[in-house]
Amino acid sequence: MEKCNLTGKFTGIENQRGTVYFTNEISGTTLTEYRYIIITGSQKLPLLLCNYPAATYPLKEKESKTLTFSAKVEVLPAETDALSINAELTAIRF
């Protein structure tokens, strides 16, 4: 998978089930552009993807698909107020 230019502290997650969305809304907040995000049952915040392979697995606006994925996920301090967490996919399977 393509690498992202993310900085900071990260943790790895492996073989998680989730749903990928192509949307311009996260937690009721409208974004300035459509982005790929993953929502899982175990993550408290949506994962904002920097390297979703859209050319291989395209989604239409507001479309979603269930997948299994692995990723590097940004670790935020406990006091951080955030709508999403940055994530870099390392593997996906539909």
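The values are calculated or read from the model by the stated rules, or taken from the named source; none is laboratory data. Because the structure is a prediction, the values reported are computed rather than measured. Accessible surface is based on the protein model in full, side chains and every heavy atom, while ligands, DNA and RNA are left aside. Shrake-Rupley method; radii C 1.70, N 1.55, O 1.52, S 1.80 Å.
Over the chain, average the accessible area per residue using a 1.4 Å probe and give it in Å², no decimals.
63
So what are the chain's ellipsoid semi-axes, whole angstrom, largest first, if each one is the square root of 5 times an eigenvalue of the alpha-carbon gyration tensor?
Taking √(5λ) for each eigenvalue gives 19, 17, 13 Å, largest first.
With a 1.4 Å probe and all protein chains left in place, how much of the accessible area of region 46-94 comes from carbon and sulfur atoms, in whole percent?
50
When the chain is fully extended, how far beyond the present Cα-Cα distance does THR66 get from ALA54, taking 0.36 nm per residue of separation?
Contour length minus the Cα-Cα distance gives 2.8 nm.
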